[in-house]
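The structure under discussion appears below in the form of structure tokens.
The numbers here are math on the coordinates, done by the rules we state, and not lab data. Just so we're clear, the structure is a prediction, and the values are computed from it rather than from any experiment. Here the Cβ positions follow ideal geometry from the backbone for every residue, glycine too, while neighbour counts run over all protein chains shown.
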2 protein chains.
Amino acid sequence: MLHAVVGRGQSLKAGEDIVREGDHTDVVHVILEGHGFRYKTLPDGKRQIIGYLVPGDFCDLYGFLLDKMDHGIAARTHCQVAELTEDHILMLTSRPSLARALWWSELVNASILREWLVNMGRRTPSARVAHILCELLVRLQVVGQASADSFRLELSQSELGDTVGLTTVSVNRALQRLRGANLIQSSGREIVIPDVAALKAFADFDPGYLHFRQDREDHS
Amino acid sequence: MLHAVVGRGQSLKAGEDIVREGDHTDVVHVILEGHGFRYKTLPDGKRQIIGYLVPGDFCDLYGFLLDKMDHGIAARTHCQVAELTEDHILMLTSRPSLARALWWSELVNASILREWLVNMGRRTPSARVAHILCELLVRLQVVGQASADSFRLELSQSELGDTVGLTTVSVNRALQRLRGANLIQSSGREIVIPDVAALKAFADFDPGYLHFRQDREDHS
DNA sequence: CGCCGCCTTGAGCTGGCTCAATCTGCGTGG
DNA sequence: CCACGCAGATTGAGCCAGCTCAAGGCGGCG
């Protein structure tokens, strides 16, 4: 359905910003292909990643309704993004079912943020990393980019650390513990999970917060 | 405007649950008076607070649209809450300006969650606590419950810890550091901030993420 | 007066952080 | 085809802050 609407699109290289903090854009970006993340940078240069974006996700409905973006969005792989103008958005939201789907997806985003907060605040380093891996497995499965027990991790250990509030060194050691317990196997960026249930149990992962539904509106 | 619509309401004592995790309610709760918080509990009993609620906030628009609540909501003071039925909600959302205001408030909630994530992930314990105090100051000012430089903190140190990912002991020591630096003065639950700008600078607090506007829709 | 929740303090442990070096895989230019 | 450079992964040493455990202290309330 988006295809009928999308006029302009753009292609971005890994590492480029899709939206910069402080921007007020008059267009809304949608990821068609590739992976990205939302982030904030602190005065001392530290970075916190505050969300992952997979194909189909809206980047900045947000900055469109609010005054300006309070965070940036970066591409972590090559990305193909669509740009929707105000007219497109008005057209989409004029259909109640679509407007509802957009609202719904924002609520799911907020739900993910709450779970991340729990993750950072109250879980051990290994469980934090394991939890993120479980989330990625499930989210990538939904968009057809993961098998039942493996996926390609498009994140450096430093980016993982910026996600879960650890240093690169600690992420590395957490991954080693997970490998040692045979909860994951990894060769390069490929993550294989020998026993998905075991990893989920270790991470205290309950996919409920992702709120998948059968009748989910399809963004494609 | 709500007053015209609110049929039933209820009165809750401090510590009671307003909504329990897993509930699917057919009504939406709105806080009229008092303070509450959202929280999740982990298998090992640890708790993470994932949001504060002040008068005017909607508790569970969320569980209304999604299948079920993935977190609980507790009253931290005596609370007066309104219960809106599906009819009420449909009536509210049928007015574009109101529907837009509701959406807007959900986006602001998500923005606050992102800032909390930054807070937990990348700031020192003292700065975390200071940041929460700054946020409370500003949010309570907006609802007329804080002066220019002081407010009543309706949270125990343990609840503060569950908010920012610290233990009670660490919160206590963080507060002592803030007092020692004369960034705050506190007698019991009353917080006085001698130099608001100094505290904000220390906490790296930029109220932008709260997205206040002049033309904000009033929930009263 | 005694209870209870919450705040405060102390001692000691440990795990996460910092700093820093090394290794590895991969793409580039010669 | 090989040397070089770079980004990211890995490892080690040592520090120290936040955690755990535990013991008071304090104030409000029945």
- Message: Can you work out the Karplus-derived ³J(HN,Hα) for every residue in the stretch A:63-70? Use 6.51 cos²θ - 1.76 cosθ + 1.60 with θ = phi - 60°, whole Hz, and x for glycine or proline.
- Response: x, 6, 7, 7, 5, 8, 5, 9
- Note on the structure: The answer for B:ILE18, listing residues at least 5 apart or on another chain whose modeled amide H is closer than 5 Å to its amide H, is B:ILE73, B:ALA74, B:ALA75
- Averaged over the residues of B:200-206, the number of partner chain Cβ atoms within 10 Å of each residue's own Cβ comes to 1
- What number comes out for the charge environment of B:ALA110, summing +1 per Lys or Arg and -1 per Asp or Glu over other residues with Cβ under 14 Å away? -3
- Note on the structure: Per GNM of chain B with C-alpha springs under 10 angstrom, the most fluctuating residue out of B:ALA127, B:ALA99, B:ALA75 is B:ALA99
- Exercise: per-residue mean of other protein chain Cβ atoms within 10 Å, A:70-77: 2
- Report, in order of residue number, the helices in chain B meeting two criteria: a C-alpha extent of 27 Å or more along the helix axis, and a mean Kyte-Doolittle hydropathy of at least 1.0; treat each whole DSSP H run as one helix. none
- Per Stokes-Einstein, at 4 °C and 1.567 mPa s, what whole-number D in µm² s⁻¹ belongs to the stretch A:1-91, with the Kirkwood radius over Cα pairs as the hydrodynamic radius? 98
- Message: Using amide H atoms built in the peptide plane, which far-off residues or other-chain residues are under 5 Å from A:PHE205 H to H?
- Response: none
- Task: Starting from the stretch A:124-200, pick out the GluC sites (Glu not before Pro) whose DSSP state is loop and whose Cβ has at most 12 other Cβ atoms within 10 Å.
- Result: none
- Message: Suppose you put the label 7 Å out from Cα in the Cβ direction; list, shortest first and in nm with one decimal, how far A:LEU42 is from each other copy's label.
- Response: 2.0
- Message: For B:SER11, place a label point 7 Å from Cα along the Cα-to-Cβ direction in every copy; what are the distances to the other copies, in nm, shortest first?
- Response: 6.8
- Message: List the residues, sorted by chain then number, that are 5 or more residues from A:ASP57 or on another chain and whose placed amide H is less than 5 Å from its amide H.
- Response: A:ILE31
- Its Cα gyration tensor gives the stretch B:36-79 an equivalent ellipsoid whose semi-axes in whole Å, largest first, are 18, 16, 7
- Proximal charge balance of B:SER126 [Cβ under 9 Å; K/R count +1, D/E count -1]: +4
- extent check for the stretch B:119-204: Cα max minus min per principal axis, descending, whole Å, gives 30, 24, 23
- Item | For the protein assembly as shown: Kirkwood Rh in Å [reciprocal of mean 1/r, alpha carbons] | 22.7
- Item | Coordinate range along principal axes, alpha carbons of the stretch B:70-131, Å, largest first | 46, 29, 21
- Query: Across the Cα atoms of chain B, what radius of gyration and what greatest pairwise Cα-Cα distance (Dmax) are found, in Å?
  - Reply: 17.6, 53
